[in-house]
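Since the structure comes first, as structure tokens, the remarks are kept for the end.
The values are calculated or read from the model by the stated rules, or taken from the named source; none is laboratory data. This one's a predicted model, so the numbers in the text were calculated from it and none came from an experiment. Don't worry about glycine lacking a Cβ; one is built from the backbone with ideal geometry, like all the others, and counts go over all protein chains shown. Calculation scope for accessible area: heavy atoms of the full protein, side chains included, ligands and nucleic acids excluded. Shrake-Rupley method; radii C 1.70, N 1.55, O 1.52, S 1.80 Å.
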Amino acid sequence: MKIICIGRNYPQHAAELGNEKPESPVIFIKPETAKLQRRFPFYIPHFSNEIHHEVEVLVKINRIGKYIEEKFANKYYQEIGLGIDFTARDLQQNLKEKGLPWEKAKAFDGSALIGSWYEKENFTDLNQLDFELVKNGSTVQEGNTSQMLWSIDALIAEVSRFFTLKIGDVIFTGTPAGVGPVVVNDVLEGYLGEEKAFKINIK
Ligand code: ZN
């Protein structure tokens, strides 16, 4: 499986990092080795002094597809989730300034937390879905999928123009404003609608 991540899909987050609103979705890939299983802690890697949390709504692909039309995109997933795109912001900043690829900052081992999966029918409207990240008991990121520049179905259409989607692939749909650092002993909890999708300790 592969993990396909979307950057700058929430205007307020793009603004907080000083990025322009993109003309098309920013897309990058994390390999399967980036996957951090639920119930495992996240270990701060030795190569970064500034790991940020980015809470994101996830989509699990359940059919193979290429050049998927947006109107048929809903046939390519049954489950929705919530996760964290852990980012070595210091490294990413350095790579961005040099115009280099972001993989070292974004695709390292354990950088993709994938929480529980839920049948999409559990939610009344996937384009009006609240989600939240709580750090040590306080809300640090809040979003609603209505704020996304590209909806889930639009993202599937766009991504599948470039990458064949396969069963088990996961799309990270971008993070809302409020990204920030994590340190050892932090506890992060994610909520998708009313569901508690994950709890993770930082080590
Ligand atoms: Zn992200």
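Summary table
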read-out	value
Lone unmet requirement of (1) open to solvent by 20 Å² or more (accessible area, probe 1.4 Å); (2) within 13 Å of the ligand (Cβ to nearest atom); (3) under 11 Å from E56 (Cα atoms); (4) not charged (D, E, K, R) for W102	(3)
Qualifying positions in the range 106-121 - surrounded by fewer than 18 Cβ atoms within 10 Å (Cβ to Cβ) and within 16 Å of the ligand (Cβ to nearest atom)	G110
Residue check, A112 hydrophobic (A, V, I, L, M, F, W, C) and within 22 Å of Y43 (Cα to Cα)	yes
Breaking point among (1) out of contact with any helix residue (DSSP H, G or I) (no Cβ under 7 Å at 6 or more places or on another chain); (2) outside any loop (DSSP other than H, G, I, E, B); (3) open to solvent by 20 Å² or more (accessible area, probe 1.4 Å); (4) not aromatic (F, W, Y), for G18	(2)
Residue satisfying condition, being at positive phi and not hydroxyl-bearing (S, T, Y), within set G83, G99	G99
Subset tally (residues that are near the ligand (Cβ under 10 Å from one of its atoms) and without any contact (Cβ under 8 Å) to a residue 60 or more places away in the chain) for the range 1-34	1
Subset of the range 145-163 that is of a type in the set (S, T, N, Q) and surrounded by 13 or more Cβ atoms within 10 Å (Cβ to Cβ) - its residue that is nearest to E69 (Cα to Cα)	S160
The range 35-57, subset farther than 17 Å from A107 by Cβ and buried (at least 19 other Cβ atoms within 10 Å of the Cβ), residue farthest from the ligand (Cβ to nearest atom)	V57
Residue match in the range 108-125 (condition: under 24 Å from G18 (Cβ atoms) and at pLDDT 95 or above)	yes
Where E142 falls short, out of the listed (1) within 16 Å of the ligand (Cβ to nearest atom); (2) part of a strand (DSSP E or B); (3) buried (at least 17 other Cβ atoms within 10 Å of the Cβ); (4) not basic (K, R)	(3)
Number of the condition not met by Y67 [criteria: (1) crowded, with 16+ Cβ neighbours inside 10 Å; (2) away from the ligand (no atom under 16 Å from the Cβ)]	(1)
Total residues in the range 163-193, condition within 16 Å of the ligand (Cβ to nearest atom) and among the aromatic types (F, W, Y)	1
Every pair of residues 6+ apart whose Cβ atoms lie under 7 Å, when the first sits in the range 143-172 and is at positive phi and touching a residue at least 60 places away in the same chain (Cβ under 8 Å) while the second is surrounded by fewer than 17 Cβ atoms within 10 Å (Cβ to Cβ) and of a type outside the set (F, W, Y)	G168/M1
